[in-house]
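Here is the structure we will look at, set down as structure tokens.
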Amino acid sequence: MAITPLMNDGMDGAPAKRVLHSMQEQKEKGRRIVGIYCGYAPIELIQAMDLVPAVLCAFAEGPIASAETVLPANLCPLIKSSYGYILEGTCPFFGLSEAVVAETTCDGKKKMFELAAEVKPMHVMDLPQLPDEAEALVNWTAMIRKLQGFLEKTFDRRVSDDAIEASIKATNRKNRLMRRIFDYAALHPPLLCWQEMYDVGFLALPARGEEIEPLLESLLARLAVRREQGECFGTERSPRVLVTGCPVGGDALKIFRIIEEAGGLVVTPDSCTGIKSFLGETEEDTGDPVAAIARRYLAIPCACMTPNTRRLTALSQLIDRFRPDAVVDFVLTACHSYNVESHKIGRHVGERHGLPYLKIESNYSKSDEGQIRTKIEALFEIARS
Ligand code: SF4
Ligand code: SF4
């Protein structure tokens, strides 16, 4: 049965074009843009200052050759791609941004940010990486207040606690709507495919809650129609896959495509470019909205944290909710944090949930697609047996 497109306004599959168009329009109207790279960038604070966060390009193989004229080749492709875009001047979002918010999530990134700071004002936040220590929250709250000071000075404006509180509430509403959309992927068979989840996430992540809510509501209405009309992806027998690990976008989307071509269904993209960015809820009406934002962001279960037990808890919740038949752990080459953590993830998935698990370590090139396909097909054989 043919499935009606989720976004039937001709923009399906082109979220980057749509976001770029919107940012160019906003810039022409005098709004000012701040680049971000990572899930730890506190979007609520940026938006409360009437600044527009732009997620910067980091997922194409193309700019890596330029980056390697400066950076070592044995670095994660995400870092090399990000820097290659900056060197080549080909990331339009970076071009629109007047400053960049960055974090010390991993060594390669923080050293690359030193080089990027030669091109654009860069504010690096020192991210505590022992999240369970009392000092971590104190220090991270201080870092967010410092970011507030940097943005106030750079953009010559002040932000009130009331504006931050309103921004928290709008983002919470957006995230709740996003979770309701993802719920349609939890159905058997799912009513959403990976491309739709990726596209909606790409549009929603940098958007202000109040600006994106009408679109998200309309998508929910269309999903309800899909359900009434019995439209779905795959069949009851198609292997359902949760993909966890490093962020997936651009040329790394090959992992989702190969799973789909092998007859599987990606029901949970568990990364910062997937459902992970919409899972958190910032506490409302606390009287100290910056501290509330700090608590929410420090709880993000990124592999840069140690110990990162929250990731196991979050993974179990996703497995219970989306009921996958297998888990694929996608690790970008030379990402030591996700690579080492994969051992614990595989053990948890097998021992706690009895599910087959496969780690795929890859970069942005096409050269290993055949090998990945063979491994995915073997995983599906195990999942079916
Ligand atoms: S995986 Fe970690 S370092 Fe990468 S974007 Fe997400 S939070 Fe940031
Ligand atoms: S994927 Fe890993 S190595 Fe690459 S930027 Fe993210 S945390 Fe750093």
Practice task
Using only Cα atoms, locate the centre of region 67-98 and the centre of region 27-47, then give the distance between them in Å, rounded to an integer.
Solution key: 19 Å
Practice task
Report, in whole Å, the centroid distance computed from the Cα atoms of region 208-229 and region 359-385.
Solution key: 33 Å
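Given a 1.4 Å probe, how much area per residue of the chain is accessible, in Å²?
42 Å²
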Fill in the blank from the handout: Diffing region 149-160: the Karplus 3J(HN,Hα) column from phi (6.51, -1.76, 1.60, θ = phi - 60°), in whole Hz with x for Gly and Pro, holds x, 4, 5, 4, 6, 5, 9, 6, 8, 10, 10, 9
Exercise for the section: Output ³J(HN,Hα) for region 174-181: one whole-Hz value per residue in order, computed from phi by the Karplus curve 6.51 cos²θ - 1.76 cosθ + 1.60 with θ = phi - 60°, and x for Gly and Pro. Expected result: 4, 5, 5, 4, 4, 5, 5, 5
Handout entry: Nearest-20 debye value, region 257-385 charge dipole, Cβ charges on Lys, Arg, Asp, Glu
Key = 280 debye
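Within the chain, what whole-number % of the accessible surface is contributed by carbon and sulfur, with the 1.4 Å probe and all protein chains included in the calculation?
53 percent
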Handout entry: C-alpha long axis of helix 209-229 to longest principal axis of the chain, angle in °
Key = 10 degrees
Exercise for the section: Starting from the amide H of Gly245, placed 1.01 Å from N in the peptide plane, find each other amide H under 5 Å away whose residue is 5 or more places distant or on another chain. Expected result: Phe330
Handout entry: Sequence of Leu187, Leu219, Leu130 when ordered by accessible area, the most exposed leading, probe 1.4 angstrom
Key = Leu130, Leu187, Leu219
Practice task
Kindly express, to the nearest 10 degrees and within the range 0 to 90, the angle between helix 77-88's C-alpha long axis and the longest C-alpha principal axis of the chain.
Solution key: 50 degrees
Handout entry: Residue order for Asp288, Asp107, Asp162 - accessible surface, 1.4 angstrom probe, largest first
Key = Asp162, Asp107, Asp288
Exercise for the section: Could you pull out every residue, at least 5 positions away or on a different chain, whose amide H is within less than 5 Å of the one on Asp325? Hs are placed 1.01 Å off N in the peptide plane, and Pro or chain starts have none. Expected result: Arg240, Val241, Leu242
Problem - Most fluctuating residue given options Thr273, Thr104, Thr235, as computed from a GNM of the chain linking Cα atoms under 10 Å - result: Thr235
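The values are calculated or read from the model by the stated rules, or taken from the named source; none is laboratory data. Being a predicted model, the structure only gives us computed values, none of them experimental. As a convention, Cβ positions derive from the backbone with ideal geometry for all residues, glycine included, and neighbour counts pool all protein chains shown. With ligands, DNA and RNA removed, areas are computed over all heavy atoms of the protein, side chains included. Shrake-Rupley method; radii C 1.70, N 1.55, O 1.52, S 1.80 Å.
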